[in-house]
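Each remark here refers to the structure printed beneath this line.
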Amino acid sequence: MGAFADKRRIIIAVVAAIATIGLLLSLRTFGPSPEAIRVRVGSGFDHSDNKDGVNNQPDGPGQNGKHPDGKERLAYVTFLSGTVDQDDDLEKDNYFIATRILIWQLLHVPETRTHRCDVVVMVTPSVSEARRARLRQDGAIVYPVEFLETDDWVKAEQHRWDDVMTKMRAWEMTQYSRILVLDGDTMLRKPLDGVFDDPGAQIRQTKQLDNYTALEGEAPLPPTYLLASLSEVADSTHEFPPGVGTGLKTIGYMNAGFFMLAPSIESFNYYVSLLKIPGSFDPKYPEQNLINKAHQWDGPMPWTELSYTWNIRCPNENDFEKGLVSMHEKWWTQPYIYENEKVKEFLKSRRWEMKGWYDAYDLTADVRNA
Ligand SMILES: *[C@@H]1O[C@H](CO)[C@@H](O)[C@H](O)[C@H]1NC(C)=O
């Protein structure tokens, strides 16, 4: 069984590599100039000169995240930190590989790539230089941040979530008008750019509620906010779209593996003020519960629901048939998607397709950089 699966993986990787080399060679011989290829591979932005740091040059930090031409600047941001790294060997570091698959799908794969957004990996100081270099080579913008320090009462249930509060630094990225934050173990089937046009994905006015009492030490509420996300399903036995009684665990409780925000220092300061008030939220799931507290549905800044078409956890074959765009699921283990073999096969095979694609990409780096 194991040997058979290995053989199949190798065959998939080899076929993907041959196909990709063939494509790149044909582009070299008959296609556009290398410069054109370099610009075309990717999101429409040229990331080739990118070192650490977001794409905020030459425009500088935007006015409300807008280009001088008035257009919005949008980004996909994923978060990477040392506590999720499982192995020094990058080829065995499952979560790092998942992140690479996501970047590859967002930047390079014709069926899923972006035409509107920057693709950014936020890295903490515990992410090795080898990992950062690989992500840059893959085409991502690597955005280093300091840890967001928290007081002792903010204790995650699991050690691997110790650093996730640092994700909140996405609100500091004011060079963007809106950001979709995706966990590294997200995978795409179709283009995700349309999520920015979802009715739930728009900036809202903070409500003036008579019954709202601020906690002692809480910073002022920002005048506007955006927090769009999805409630969570329990496992793969759900309807599409999942609803109350048909798969959703707790309606009104969002999952921080997939959410949209509008960067704002006022909002950031508000969240940080909650972090300094012991017991202001349950720190079991650190950043997720902070966001759920700040954006609870009966409060002044209720989070808005996106269409479940954009993302789901524990996907099943019916979700695929109904046109699911992305999923929050690991390629290497799927204990809660049970007998949905096609879904598991899809998740696992991306790993080797990505490997084959980048093997060819690396081999032809000289052509692209000529
Ligand atoms: C506060 O008032 C709003 C509007 O009347 C209501 O929807 C909400 O449930 C109330 N919140 C609480 C915590 O009672």
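Worth pointing out:
- Candidate set from the stretch 328-343 (those that are assigned to a helix (DSSP H, G or I) and open to solvent by 40 Å² or more (accessible area, probe 1.4 Å)); member that is nearest to the ligand (Cβ to nearest atom): K342
- Within the stretch 183-207, residues that are more than 21 Å from V120 (Cα to Cα) reach partners that are away from the ligand (no atom under 16 Å from the Cβ) and among the polar types (S, T, N, Q) with beta carbons closer than 8 Å, at six or more positions or on different chains, in the pairs D198/S307; G200/S307; I203/T224; R204/T224; Q205/T224; T206/T224.
- Of the criteria (1) in contact with a Cys (Cβ under 9 Å, 6 or more places away or on another chain); (2) at pLDDT below 95; (3) over 22 Å from K284 (Cβ atoms), which one A234 fails: (3)
- Counted as qualifying within the stretch 215-327 are no helices (runs of 4 or more DSSP H), as none has 1 or more residues that are within 16 Å of the ligand (Cβ to nearest atom), surrounded by fewer than 20 Cβ atoms within 10 Å (Cβ to Cβ) and not assigned by TED's automatic domain parsing to the domain that holds M173.
- One residue stands out in the stretch 107-135 among those that are under 14 Å from I97 (Cα atoms) and charged (D, E, K, R): the one that is surrounded by the most Cβ atoms within 10 Å (Cβ to Cβ), namely R131.
- Among the residues of the stretch 213-227, just one is over 29 Å from the mean Cα position of the chain (by Cα) and among the hydroxyl-bearing types (S, T, Y), namely T213.
- Screening T150, T124, T186 for residues that are modelled with pLDDT under 95, touching a helix residue (DSSP H, G or I) at 6+ places or on another chain (Cβ under 6 Å), of a type in the set (S, T, N, Q) and in the same structural domain as T309 (by TED's automatic domain parsing) leaves exactly one candidate, T150.
The values are calculated or read from the model by the stated rules, or taken from the named source; none is laboratory data. No experiment lies behind these values; they were computed from the predicted model shown. Because the Cβ atoms are built from the backbone with ideal geometry, glycine has one as well, and the counts that use them run over all protein chains shown. For the accessible areas, the whole protein counts, side chains as well, though only heavy atoms, and no ligand, DNA or RNA atoms are used. Shrake-Rupley method; radii C 1.70, N 1.55, O 1.52, S 1.80 Å.
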